[in-house]
Each structure stands twice: as C-alpha cells, then as structure tokens.
Amino acid sequence: MSISNYGVLKGRITDCRQERDDFMPHYQILIRADGVSFRASINVQSSDRRRPDLLFAVDDDVRHPLMQRLEMLDEGFHPGTPGADGLSVDYVRGGMVRLNQMRALPHDVPGINNDLNEKLDALVRHAIDDPDVQVCVLGSRWGPERERDAEFRFTPGNGLHDVHMNQGTPRRERHAGDNGVWQDGAVFLHLRDERRWVGIYLAFQPQGWHTDDRTGHPAADIPPHHARPDAHRPAPRRETPPAPRRVKVGEGVRIASAEINPAGGDRGVETVTLHNTTSSPVAVDGWMLDNGEEARHTLEGRIAPDARLVVHLPVDVALSNRGGRILLLDAAGQPVDGVTYDRDDAREEGREIRF
C-alpha cells in the first residue's frame, strides 16, 4: 500500500498556528493557492510514547533538479509523479537529505527557539512576512470537504497531511500500510528574490532508512524469498581481519566528491570518491555506483578506516553534465548514500564537486 492522493501544493503562506498539547499536536499552516485555501498539517510529535520526538532537518540552500520542476509549476495542487525525474521526494533514494543531518526535537520545551514548533515558526513566519516567498508542500491531500476547516474556519475544508517521511515504518506498527517509495513529504520555501530554496524534512524515529525498492518496507522486514531475482550477492571477502563493519544508510561510507566533467573527453575518465567515515574497514565487494539513469558500476575490495577510494567509472556509466544524481548501493541493491548535482555544478571542466 501507500499514502493516498500524494502530490505537491504550491502557493503563499498567509497564517500559521502552533499546537503544544500532547494529543496528536501538529503545526498548522494556512496556504492560499490560486484563490483557494488549504491547510498543511505537519506532525510535531509522534504517538509513540517511547520516542515521541520527530527527526528534523533544514537545508538553507537546496540544490536539486526537483527545485527546477517546482519553480515551473502554477499555483495549486499537482498530483505527484514517482521517480528521480518526477514530481516527488524520496529521503532514501533522492539524495536530498541524510539521516545524520537530522536530529530529534521535542515539540514543547520552555525557552526560546529550542523546540520543533519554534523552529518551524521561525521559517514559516518569515515566509508570511515576505510576499515574494512561495511554498511547495509535498504530502497527502484531503478534501474538498463540505465542512469548514477545523483550524482556520475556511470553506470548503482542504489540505495536506503526511508531510514527513512515508517509508521504513516497521510492519508491526499501525502506519506500516503507508509505506511506499517516492512519496515522502517535505516543505520547500522559495525565496525568489535570493534565487534560493529552503528545504524542511521530518521523519519519525522508528522509521528505517534501509527500505525495499518496491514496497518501502524496512529491508529487515522483507523475507528472503521476496528479494528481487536480480539482487546482487557479495563476493567472498578476503582474509584480512578485522571484519568489516556493516554499514547502514546515513552512516559509514559516503560519496565525498565526483569529477563529473573532466578536462577533455568525459567518457571513461569520470571519477567518484568514496569516504569510509568509520573506525573499521568496510568491504564493498558487490556494491554499486548508480549514475541516476539505472546504469551501474560494480565495486570490489575494501576501504580502510577513515580512508578514501577513487572509483573510475566506465564509459557505460557516464555522469550527465546536465545535472543528476549519484547513488551508492550495497550488494543487495539497497541505498547506502546518494547525492545530487545540477547543470551549474557540472559546467566547469576539471572541477571536483564536493558533497
């Protein structure tokens, strides 16, 4: 299954409201889009009493091909289209945000600018005060409804929820049926006078960042016989202790840099540099680099602790100079890390782009 009516709402923020109770609190945003009112309802606390605080991250300058697609949209709600080139967000596969960038924040703490409500409020009120700022909210749409909106009292009721990561929920939990790929929620503020996008990302702590490419369920929950028939198996490890550390999404081996447009002819001389950020060696036998167009180069060997590996990409796994993404996949084809770059990044010949 997956969430319903996934898409993006583009408009202007006109009002907002904090909720600080402990009964399913949300941060509420009123948006006007082409003369129609919508409410974006953003979770600020989980119903999981063991881990109630949401994970939160802000990117003050989002550089991603999706921003170009959002900029071209008219105001209003637009159904999502899945995939790297579509109108959608995927925290695991899209290279937009990493787990290590997020931190857990309570929704209500005494003091100034130290809880999730206040972090959201600072960003949203800036958008209200500046008429040149537009907002794009990705999530699940409800309405239009006959009744007045419960928060801002406009008619008909209209809005979006599920404005957070929508995959990786353990299958024993209530919202596991919402798991899916390329359907994560997010908020993007377009500061048009600065030609800059600000990204806001939210996730629940129990959600896993190593998910099945078809279902969005945590990879650990997928029985072995459900694995894809073309899944790659790791080659036998060489006898060099200590044993490599198992790397999870958001930590361990990272894509550190790439030379996308080398001086002279590109094809066959492009490189991607991987960095093992751990204190143990990591075996990468059977791992793959994906050029964002489903062409993959298989790796072998191991990376020493806090060391880098420069990978030379073959001709058939070329990186596009028009912008795109690079994914690092493990031997089962699951994402370990991902990055994106745009046309401007790749324009200068011989430049090493650092991520």
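What number of residues within segment 1-29 are among the charged types (D, E, K, R) and either under 17 Å from His164 (Cβ atoms) or not assigned by TED's automatic domain parsing to the domain that holds Phe188 (or both)?
Narrowing segment 1-29 to residues among the charged types (D, E, K, R): 10, 12, 15, 17, 19-22.
Narrowing the set further to residues that are either under 17 Å from His164 (Cβ atoms) or not assigned by TED's automatic domain parsing to the domain that holds Phe188 (or both) leaves 19.
Residues meeting the conditions: 1.
Yes or no, residue by residue, for (1) within 26 Å of Gln167 (Cβ to Cβ); (2) acidic (Asp, Glu):
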residue: Glu75; (1), (2): no, yes
residue: Gly80; (1), (2): yes, no
residue: Arg93; (1), (2): yes, no
residue: Met96; (1), (2): yes, no
residue: Asn117; (1), (2): yes, no
residue: Ile128; (1), (2): no, no
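Take the residues in segment 304-340 that are more than 22 Å from the chain's Cα centre (by Cα), aliphatic (A, V, I, L, M) and part of a loop (DSSP other than H, G, I, E, B); name whichever of them is modelled with the lowest pLDDT.
Filtering segment 304-340 down to residues more than 22 Å from the chain's Cα centre (by Cα) leaves 304-318, 321.
In the following step, the residues that additionally are aliphatic (A, V, I, L, M) were identified as 304, 307, 309-311, 313, 315, 317-318.
Checking the rest, the ones that are also part of a loop (DSSP other than H, G, I, E, B) come to 304, 307, 313, 318.
On the way: Ala304: 92, Ala307: 91, Leu313: 91, Ala318: 87.
Filtering first and then ranking leaves Ala318.
For segment 189-199, does any single residue satisfy the condition of being buried (at least 20 other Cβ atoms within 10 Å of the Cβ), closer than 20 Å to Gly11 by Cα, under 14 Å from the mean Cα position of the chain (by Cα) and at pLDDT 95 or above?
Within segment 189-199, one or more residues are buried (at least 20 other Cβ atoms within 10 Å of the Cβ), closer than 20 Å to Gly11 by Cα, under 14 Å from the mean Cα position of the chain (by Cα) and at pLDDT 95 or above.
Looking at segment 122-180, which of its residues are more than 20 Å from His78 (Cβ to Cβ) and of a type in the set (A, V, I, L, M)?
Across segment 122-180, the qualifying residues are Ala122, Leu123, Val124, Ile128, Ala150, Met165, Ala176.
Does Arg354 meet the test of being free of Cβ contacts under 8 Å to residues at least 40 places away in the same chain and among the basic types (Lys, Arg)?
no
With the structure loaded, tell me whether Arg32 is out of contact with any Pro (no Cβ under 8 Å at 6 or more places or on another chain), under 25 Å from Asn158 (Cα atoms), assigned by TED's automatic domain parsing to the domain that holds Glu151 and basic (Lys, Arg) or whether it fails that test.
yes
Which of the following residues is β-branched (Val, Ile, Thr), surrounded by 14 or more Cβ atoms within 10 Å (Cβ to Cβ), at pLDDT below 90 and closer than 24 Å to Asp85 by Cα: Ile255, Ile260?
Of the residues listed, the single one that is β-branched (Val, Ile, Thr), surrounded by 14 or more Cβ atoms within 10 Å (Cβ to Cβ), at pLDDT below 90 and closer than 24 Å to Asp85 by Cα is Ile260.
Between residues in segment 330-351 that are more than 16 Å from Val282 (Cα to Cα) and residues that are at pLDDT below 85 and aromatic (Phe, Trp, Tyr), which pairs lie under 6 Å by C-beta distance while being six or more apart or on different chains?
Partner pairs satisfying both residue conditions: Val339/Phe355.
Against the condition outside any strand (DSSP E or B) and in contact with a Ser or Thr (Cβ under 6 Å, 6 or more places away or on another chain), how does Gln183 come out, does it pass?
yes
Scan Asp162, Asp149 and give me the residue that is in contact with a helix residue (DSSP H, G or I) (Cβ under 8 Å, 6 or more places away or on another chain) and farther than 25 Å from Val336 by Cβ.
Result of the check over Asp162, Asp149: Asp162.
I'd like the residue in segment 26-80 that is aromatic (Phe, Trp, Tyr) and farther than 17 Å from Leu202 by Cβ and, out of all such residues, is surrounded by the most Cβ atoms within 10 Å (Cβ to Cβ). Lay out the reasoning, then the answer.
Within segment 26-80, the first condition is being aromatic (Phe, Trp, Tyr), and the residues that meet it are 27, 38, 56, 77.
If we keep only those that are farther than 17 Å from Leu202 by Cβ too, we end up with 38, 77.
Details: Phe38: 25, Phe77: 21.
Restricting to residues being aromatic (Phe, Trp, Tyr) and farther than 17 Å from Leu202 by Cβ, the top hit is Phe38.
The values are calculated or read from the model by the stated rules, or taken from the named source; none is laboratory data. Since we're looking at a predicted model, the values are computed, not measured. Neighbour counts run over all protein chains shown; Cβ positions are idealised from the backbone, glycine included.
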